[in-house]
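The values are calculated or read from the model by the stated rules, or taken from the named source; none is laboratory data. Not measured: the values here are computed from a predicted model. Ideal geometry is used to build each Cβ from the backbone, glycine not excepted, and the neighbour counts take in all protein chains shown. Each accessible area value is taken on the protein alone, full model and side chains, heavy atoms only, with ligands, DNA and RNA left out. Shrake-Rupley method; radii C 1.70, N 1.55, O 1.52, S 1.80 Å.
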Amino acid sequence: MFRFFSAIVSAGLFFVILALVAVMLFFGQISADLPDYRQLAKYEPPVTTRLFAGDGQLLMEYAAEKRLFVPASKIPDKVKNAFIAAEDKHFYSHGGIDYLGIARAVLSNLKNFGKGKRPVGASTITQQVAKNFFLNAEVSYIRKIKEAILASRMDKAFSKEHILELYLNEIYLGNRAYGVAAAALNYFDKSLDELTIAEIAYLAALPKGPNNYHPLKRHQAAIARRNWVIGRMEEDGYITQQEAENAKKQPLQVVQRTNGFLKDAEYYSEEVRRTIVHNLGDNALYEGGLIVRTTIDPKIQTIATKALRKGLIEYDRRHGWRGAEKNISLEGDHLETLKQTVLTKGAEENWQKAVVLEAQKQKAAIELENGEKGKIYLKDIAWARPALELGYVGETPSDVSKVVKTGDVIYVEKLDKDDAYGLRQIPSVEGSMVVIDPHTGKVLALVGGFSFSKSQFNRATQAYRQTGSSFKPFVYLAALEMGYSPNDLILDAPFVLDQGQGLPKWKPENYSKKFYGLMTLRQGVEQSKNLMTVRLAQDIGMDKVAEMAKRVGINDNLPQYLSSALGATAVRVLDMTSAYAIIVNGGKKVTPYLIERIQDRNGKTIYKEDTYDCADCNAPKWENQNPPLHPDTREQIIDAITAYQMTSILEGVALRGTGARLSGLGKHVAGKTGTTNENKDAWFIGFSPDLVAGVYVGFDEPVSLGKKETGASAALPIFFDFMKEALKGVPNTNFRIPDGVKLVRINPKTGKLSEPSDETVIVEAIKPEYSFDQTKQRTIGVGEDEVVLDRENDSGLQIGGEY
């Protein structure tokens, strides 16, 4: 009997030992496969990168997960306590695993066995951290065992505050929010310390399943769960009974949070995004939590956007009505059909979508998406002439029903009259605008097209288009640098170039198709004379022009053909604008930039545009010392006097040349128009003493803007509208004159010193070495056997060969 009993005991011990060994091997195998939890000692979650304007306004955010990291020390105690009350009552007392909770969960699961109910868990906050960081959401006991082992190890390795910090910053709480800080903003548009008890309790109700307690779709369930959390907070002593009662009475109201981003700056922020990705990579942008200070000036950006959009709309209206994009049936629920009908994106804020109910000769009845009705009257659609090919338009409408018809879906804008609406259309033409501080290179505004929602292609930084006459100043600048003077004379007459055997002769023309004989170098720019420019380029050599284009950042390899002197090569608006900045700033090199500084998530500066190390800027306090001086380290790439001579000439463009409309601003401004062959591209680049702006107008697929559309008609009005607003309230400052310049009164036609009998006199900027007594006035393009044209009669005499 004893032997039998002893055998049974031995067998039992054997199986117990065997079971223990099996369990140990099982847990050993599981432990071996567990990830290294120690990496959480230095927790750096994916955090939102934020872009800020020059004045501190939020420009844009980029993130793989919308998260704002908040250290545990900065999270209010009531927020911590609410989550502890809801998720892990014994958080501060257990070792990562709540054994009482596990026992309750096991009993509950046994009770519900076979009833088809989801098993109840007993995960502590520590276990949830383990699952969120290292495991998946699989419902199995194997995962729970792994979770428990990791939680136990983490509890020994980390403080409770660190575990809570991991949990509250990592957890997904719905509404695109990761972490409590992002959730507070997305649900209530508040920071953590602004939340009420009721709002905190609602956030603490969400970890069990944000969709189960959606504030709108499952409102009653959300309130019930929130109130349960409030009860737990009271039960655990985190709030008083009175606070709990008051909190439960509060309605659950979430906000439809606007993005809060700077308006009309999508092209700008997208260019910054592309720059960061190119230099730092995707992970740095979308997960790095970078703080990026940009150079954008919100006021200037808004003015530039409005000016460009206005100019493109005005151009579009000049070229007529292209017809309604869509037509729908009025049978059935036509308002719902109207809402579902998609038109070209990019409408102005005050434009609305409407359907034509009936069209008659004098008016058309319309209905908006909201059911409001109105009229389009004949007198309000005079602009809507039918658009024809090559930019031409038909007759002014005399019948509204010939412009729109029943069922047409259109854009309209409310007019001042009671029921009157104006017909509107999204421009098919595009354009761009760049505004730069000429002294620093800061890009203050950048608009890459009519609307970012219509097209994300950035025509300011990604498009290369021929510049036309806006390039001419750099031909003349090269000549001035070589000693030519603004009062030198150049022949404006037919020019013929033999391009070689089998090729046609090249015969450039002036825009007017006329010739004006000898004119001053200044007049060649002011009146934008192609033939004078070609002669000058030939005289100085295209190698000098190409070197100048490279020096100012327009083109590193300008083709050395005379056609390049007339703007035949393609350039970006950004580069042309920065090149003009060099002219007005006195010849100093500036490189345009959009990013001032980048800091990492910890505030450490990892990029700074201004690399000057200012030791005196870090004084601990002010003790009546002089402010630190920032030395001017900009490279002088053009002589200051030469740069001023061109500034003065370009001011002449704005006073009496192709840009004479700008004289209406009553400010010191300067600039140059540009129009390419067949009027495919229109430019205007100009400046005030402290602001440079470049404007481009053209179609994405190059076609003519119209026979009469030039830089002066399509681009200059945009520049005018911009400067009118940008310079409002700004003192009318003269352009800065460098030392050594001689300001001389001359006859603008002859280029010689003025005489009392001269009808017109201008002040010319002359270099100090130039002497009217001893320096011979150059005459370019007139040989010994050639005849100077009579500019009064414009007689077409041959110069240089067959024309």
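Computed from Cα atoms, the angle from the helix 2-32 axis to the main principal axis of the chain rounds to 10 degrees. Model label points for residue 660 and residue 329, set 7 angstrom from Cα along the Cα-to-Cβ axis, are 6.0 nm apart. Report, in degrees rounded to the nearest 10, the 0 to 90 angle that the Cα long axis of helix 99-111 makes with the longest principal axis of the chain. For 99-111 against the chain, the angle is about 80 degrees.
Sequentially through the range 354-359, phi angles give Karplus couplings (6.51, -1.76, 1.60; θ = phi - 60°) of 8, 10, 7, 7, 7, 10 Hz, Gly and Pro residues having no value and appearing as x.
Within the range 656-727, all pairs of alpha-carbon atoms sorted by distance into 10 Å bins from zero give the percentages 22, 51, 22, 5.
In the range 241-358 the Cα-Cα distances spread across 10 Å bins starting at 0 as 8, 22, 22, 23, 18, 6, 1, 0 percent of all pairs. For residue 358, the residues whose amide H sits under 5 Å from its own are 365, ignoring neighbours fewer than 5 places away on the same chain, with H placed 1.01 Å from N. Using heavy atoms of the protein chains and a probe of 1.4 Å, the accessible area assigned to residue 218 is about 120 Å². The alpha-carbon positions of the range 158-234 define a convex hull whose volume is 93 Å³ per residue. Summarising the strand pairing of the chain, around 90 percent of its internal DSSP beta bridges are antiparallel. If you take the Cα centroid of the range 321-382 and the Cα centroid of the range 442-509, the two points sit 43 Å apart. Calculated over the range 487-551, the projected area of the Cα convex hull averaged across directions stands at 5.3 nm². In this rough spin-label picture, where each label sits 7 Å from Cα along the Cβ direction, the residue 570-residue 498 distance is 3.4 nm. Which of rounded, prolate, oblate describes the range 726-788, given a ≥ b ≥ c as roots of the alpha-carbon gyration tensor eigenvalues and a/c under 1.5 marking rounded, otherwise prolate only if a/b is larger than b/c? Prolate, since a/c reaches 1.5 and a/b exceeds b/c. Work out the FRET efficiency for residue 241 and residue 370 from their Cβ-Cβ distance, taking R0 = 30 Å, and round it to the nearest 0.05. Here the calculated transfer efficiency is 0.05. The helix-based estimate of mean residue ellipticity at 222 nm for the chain, built from -39,500 (n - 2.57) per DSSP H run of four or more residues and divided by its residue count, is -10500 deg cm²/dmol to the nearest 500. Mean separation of Cα pairs under 8 Å and 6 or more residues apart, divided by the residue count, gives the range 365-445 a relative contact order of 22 percent. Amide H contacts under 5 Å for residue 327: 409, restricted to partners 5 or more places along the chain or on a different chain, H placed in the peptide plane at 1.01 Å from N.
Ordering 445, 517, 489 by the projection of their Cα atoms onto the charge dipole of the range 437-531, which places +1 on the Cβ of Lys and Arg and -1 on the Cβ of Asp and Glu, puts 445 at the extreme positive end.
This model, with +1 at the C-beta of Lys and Arg and -1 at the C-beta of Asp and Glu, gives the range 265-325 a dipole about its Cα centre of some 400 debye.
For the range 547-700, the Cα gyration tensor yields ellipsoid semi-axes of 36, 20, 16 Å (square root of five times each eigenvalue, largest first, whole Å). Heavy-atom accessible surface of the chain, averaged per residue, reaches 49 Å², computed with a 1.4 Å probe. Modelled spin-label separation between residue 360 and residue 57, with each label point placed 7 Å from Cα along the Cα-to-Cβ direction: 4.6 nm. When the accessible area of the chain is computed with all protein chains present and a 1.4 Å probe, what percentage of it is carbon and sulfur? The computed percentage sits at 51. About its Cα centre, the chain has a charge dipole of approximately 2800 debye under the convention of +1 per Lys or Arg Cβ and -1 per Asp or Glu Cβ, with nothing else charged. Sequentially through the range 661-670, phi angles give Karplus couplings (6.51, -1.76, 1.60; θ = phi - 60°) of 4, 5, 4, x, 6, x, 10, 6, 10, 8 Hz, Gly and Pro residues having no value and appearing as x.
Using the Cβ-Cβ distance between residue 759 and residue 395 with R0 = 56 Å, the FRET efficiency computed as 1/(1 + (r/R0)^6) comes to roughly 0.80. Counting alpha carbon pairs within less than 8 Å and at least 6 residues apart, what relative contact order, in whole percent, applies to the chain? Worked out over the chain, it gives 12 percent. What Kirkwood hydrodynamic radius, in Å, does the range 624-768 give when the mean of 1/r is taken over all pairs of distinct Cα atoms and then inverted? Computed over Cα pairs of the range 624-768, the Kirkwood hydrodynamic radius comes out at 17.5 Å. When nucleic acids and ligands are ignored and a 1.4 Å probe is applied, residue 154 ends up with an accessible area of around 0 Å². Measure nothing but the geometry: give the 0 to 90° angle between the long axis through the Cα atoms of 125-134 and the longest principal axis through the Cα atoms of the chain, rounded to 10°. Value to nearest ten degrees: 50. The order of the peptides 303-311, 557-565, 412-420 by mean Cβ neighbours within 10 Å, most packed first, is 303-311, 557-565, 412-420. Counted over all Cα-Cα pairs of the chain, pairs farther apart than 33 Å make up 67 percent.
For the range 672-683, 3J(HN,Hα) computed residue by residue from phi via the Karplus equation (6.51, -1.76, 1.60; θ = phi - 60°) reads 8, 7, x, 9, 9, 3, 6, 6, 7, 9, 10, 10 Hz, glycine and proline entered as x. Near residue 780, the amide H atoms lying under 5 Å from its own belong to 489, 490, 491; only residues 5 or more places off or on other chains count, and H is placed 1.01 Å from N. For the range 190-241, the equivalent ellipsoid derived from the alpha-carbon gyration tensor has semi-axes of 19, 14, 9 Å in decreasing order.
Between residue 156 and residue 228, take the C-beta separation as r, use R0 = 35 Å, and let me know the FRET efficiency to the nearest 0.05. For R0 = 35 Å, the calculated efficiency reads 0.60. Given +1 at the Cβ of Lys and Arg, -1 at the Cβ of Asp and Glu and no other charges, the dipole of the range 381-479 around its Cα centre is 400 debye to the nearest 20.
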